[in-house]
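Read the structure below first, then the notes.
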Amino acid sequence: MSAVAGVILFFLDVSFLFVSVHLVSFVSFLMPIGQFAIVIVNLISFYAFRLYDLQRIKRTQNLLSNALLSVVVSGVLVVLIFFLPRLVLEQISRRALLYESVLILVYLYLSRRLASSLIRRSPIRFLAVGCDAYFDGDCSVKTVPNSDDTVDFVSLDQEIQDFKPDFVVVPVDSKLVNVNILPLDLPVISSKQVPEIFSLRLDLAHFRPEELYSNAFSSWYASVKNVIEWIVALVLSVLSSPLVLISAIAVVINDPGNPFFVQERLGKNGKPFKIVKIRTMRKEGDHTSWTKDKDDRIFAAGKVIRKLRFDELPQFWNVLRGDMAIVGPRPETPVIAEGLAEEVPFYSLRMKVKPGIRGWAQLNWGYDRTIEDVKMKLSYDLFYIKNRSIMFEQRIKFQTIETMLLGKGAR
């Protein structure tokens, strides 16, 4: 049901966006700037604010705020990209833009609430045979004990008929007996696959390092990623320079001294490099330990800079130098990395790729407070490394935009 709902939502969005552009032209004057282009901008904004994340829609806790932000951002982009260059020659109808924005916002809210209702009535159902099954989010799980090394699906025929699961989950080392005559032709997955498929992270308890070596390490992928990120970093370095200057002045006013914080971090394959950030802590004190909630080392302007994430902007310079990527696991200091590598299995594998300004783990788990937090973030980092692709990286960038605008995770 979730996959079907996603496809239906996408085509409904495309249809509605085209219709809404036509409708506002009757309300007031609208310049012929290309309806197809407006639709594309809106769809990108919807994706950036996770309005196609069906599990998120299912929970609906931030549905209205995400829809509102999406409409505002897409409206601003439409004005900047299409209207602004002709602003002197032609007058833009403010009413048209306002009516279209309100129309889209109401549509987004109603369509996602309807999708949420449909998905809630049809949860994913799992039949776990001979293993424990843990799932994030809303789902239905029925566990069937099995003491044998093998799983005989014929003996489970009645339970499958009664429960009607979407997936059958079996132990990692299970021998799939009689899989060819599995009733209802259901997909069979290993319990190891569950976190990866449904939580988008790896199960470290059953992880093998050789799983990482796939197309994600191909020279073609690396070349394309480097070119794209270098161009993006160059553009963003120029555009963000006024923000860096304003932040630097604010730092000097609050705590006189060098406004930039330079620290040694570990890059790809453990190679050390100097990371550059805007300083948000007082010069005195320990700067090697993890950041805590309400950290007294952070001065007033630093709290605002961290909340807006302006302290990360100078790291685009590191991307231009080749030390970092825009997307990748966050780099750690040598002292902390050495300690974590001794306590957390496979921790060093996160350094098989360039560290990034923003990573999949940061989007899904937040800051480190305990070793368990480190293990959880590592499961997300290794999932990213295993499944790296151009499209996956764009998803991370889009979700980062949402995180920055909503101020999530900063402290």
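The values are calculated or read from the model by the stated rules, or taken from the named source; none is laboratory data. Quantities reported herein were computed from a predicted structural model and do not represent experimental measurements. Note that each Cβ is placed from the backbone with ideal geometry, even for glycine, and that neighbours are counted across all protein chains shown. When the accessible area is computed, the model is the full protein with side chains, heavy atoms only, and any ligands, DNA or RNA have been set aside. Shrake-Rupley method; radii C 1.70, N 1.55, O 1.52, S 1.80 Å.
Per this entry, TYR384 is counted among residues that are buried (at least 18 other Cβ atoms within 10 Å of the Cβ) and either modelled with pLDDT under 90 or under 12 Å from the mean Cα position of the chain (by Cα) (or both). With respect to the stated conditions, SER219 fails to be out of contact with any helix residue (DSSP H, G or I) (no Cβ under 6 Å at 6 or more places or on another chain) and within 23 Å of PHE310 (Cβ to Cβ).
Note on region 323-376: residues that are part of a loop (DSSP other than H, G, I, E, B) and either of a type in the set (Asp, Glu) or free of Cβ contacts under 8 Å to residues at least 12 places away in the same chain (or both) total 4. Just so you know, in region 253-275 the residues that are open to solvent by 60 Å² or more (accessible area, probe 1.4 Å) and in a helix (DSSP H, G or I) include one that is farthest from SER348 (Cα to Cα), and it is ILE253. Filtering region 233-245 to residues that are of a type in the set (A, V, I, L, M, F, W, C) and open to solvent by less than 50 Å² (accessible area, probe 1.4 Å) leaves ALA233, VAL244. Within the bounds of region 226-246, is there any residue that is under 25 Å from the mean Cα position of the chain (by Cα) and charged (D, E, K, R)? Within region 226-246, one or more residues are under 25 Å from the mean Cα position of the chain (by Cα) and charged (D, E, K, R). Within the span defined as region 36-57, every residue fails to be surrounded by 15 or more Cβ atoms within 10 Å (Cβ to Cβ), over 25 Å from GLU393 (Cβ atoms), under 17 Å from the mean Cα position of the chain (by Cα) and modelled with pLDDT of 65 or more. Does region 334-341 contain any residue that is more than 25 Å from PRO259 (Cβ to Cβ) and in contact with a strand residue (DSSP E or B) (Cβ under 6 Å, 6 or more places away or on another chain)? There is at least one residue in region 334-341 that is more than 25 Å from PRO259 (Cβ to Cβ) and in contact with a strand residue (DSSP E or B) (Cβ under 6 Å, 6 or more places away or on another chain). Here LYS375 clears all of (1) farther than 26 Å from SER247 by Cβ; (2) at pLDDT below 90; (3) open to solvent by 40 Å² or more (accessible area, probe 1.4 Å) except the condition numbered (2). Just one of the numbered conditions (1) closer than 26 Å to LYS354 by Cα; (2) surrounded by 15 or more Cβ atoms within 10 Å (Cβ to Cβ); (3) at pLDDT 90 or above is not true of LEU308: (3).
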